[in-house]
Amino acid sequence: MEKLPKSIVPIIIVVIIGIIFISNSTVNISSGEAGVLFKRFGGGVVTDEPPLDEGFHIVAPWNDVFVYEVRQQTIDEKMTVLSSNGLDIKLDATIWFEPDYDRLGLLHKERGEDYVRRLIQPAVRSATRTVVGRYKPEELYAQKRESIQKEMYEETEQLLRDQYVLVNRILVRDVSLPPTIKGAIERKLKQEQESLEYQYRLEKAEKEKERQRIEAEGKARANEILSASLTDKILREKGIQATLELSNSSNSKVIVIGSGDEGLPIILGNN
């Protein structure tokens, strides 16, 4: 193989150096990510400019870009904390969080890439100890889970204020009490439920008794009103009216005038 002309060698060297330069100067940031630029000869981490967003970027080869996921993320925490009376309470929680996009450079400079372990996990554990430490085990068992979640979120948010991360929500998946305490609480709740059920039956029986009394009084009052309104003249008129209606029917009958009580007719039918 013939030797390459001497004029081509410098061109090849320049091309190779160019390829290396370009390969070290390009950064591709994927969807849901952002980049923090570190200028080696220009003041270090860039904090006064927005982070590099998604797409293709060209940077100086002596600079570095640290890529962070800026979408909402989750971590699961299983913790054992003490109640107000010193008993162990096991609690499982899920934390929804994301870095503060506009201050991503400050997060990298002051907290570092391992901010989840350094910031979020200690804050959540501290908040959980504070919240659970306010309650007795039986209160935790009966307390609405939404209330515990809300208190944990508020405590965590307070601890992480101005820490360049955003906690969106904390979900409490499970709260486990010591078996002996849990059994005692369940027995107590069962007794309370049975007592409430018995009280309900008593109240229902009392209401039924009151209903029957009111109904009987109503019937008695109606009979009194009816008896007072049925005078001898009214009864006689009713009897005459009924006699006239029967006499107009197609059935065969015999009517004896003035032979009944109070002088009312007696009607003798064919049956």
Only one of Gly86, Gly105, Gly133, Gly112 is within 30 Å of Glu192 (Cβ to Cβ) and over 26 Å from the mean Cα position of the chain (by Cα); which? Gly86
Just the residues that are touching a Phe, Trp or Tyr at 6+ places or on another chain (Cβ under 9 Å) and at positive phi, please, taken from segment 111-164. Tyr164
The listed residue being acidic (Asp, Glu), modelled with pLDDT under 90 and open to solvent by 30 Å² or more (accessible area, probe 1.4 Å), out of Glu155, Glu138, Glu113: Glu138
All positions within segment 59-75 that are touching a Lys or Arg at 6+ places or on another chain (Cβ under 9 Å) and open to solvent by 60 Å² or more (accessible area, probe 1.4 Å): Trp62
Go through segment 90-100 and report how many residues are in contact with an Asp or Glu (Cβ under 9 Å, 6 or more places away or on another chain) and open to solvent by 20 Å² or more (accessible area, probe 1.4 Å). 3
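Let's see how each residue does on (1) of a type in the set (S, T, N, Q); (2) touching a Lys or Arg at 6+ places or on another chain (Cβ under 9 Å):
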residue: Ser31; (1), (2): yes, yes
residue: Val36; (1), (2): no, yes
residue: Glu49; (1), (2): no, no
residue: His57; (1), (2): no, no
residue: Glu77; (1), (2): no, yes
residue: Ala93; (1), (2): no, yes
All-but-one check, Val36 against (1) among the aliphatic types (A, V, I, L, M); (2) farther than 30 Å from Ala93 by Cα; (3) open to solvent by 50 Å² or more (accessible area, probe 1.4 Å), failing number (3)
Leading residue by the ranking (nearest to the chain's Cα centre (by Cα)) among those in segment 49-76 that are of a type in the set (D, E, K, R) and assigned to a loop (DSSP other than H, G, I, E, B): Arg71
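The values are calculated or read from the model by the stated rules, or taken from the named source; none is laboratory data. Keep in mind that what you see is a predicted model, and the values were worked out from it rather than measured. Cβ coordinates were reconstructed from backbone atoms using ideal geometry, including for glycine residues, and neighbour counts include every protein chain displayed. With ligands, DNA and RNA removed, areas are computed over all heavy atoms of the protein, side chains included. Shrake-Rupley method; radii C 1.70, N 1.55, O 1.52, S 1.80 Å.
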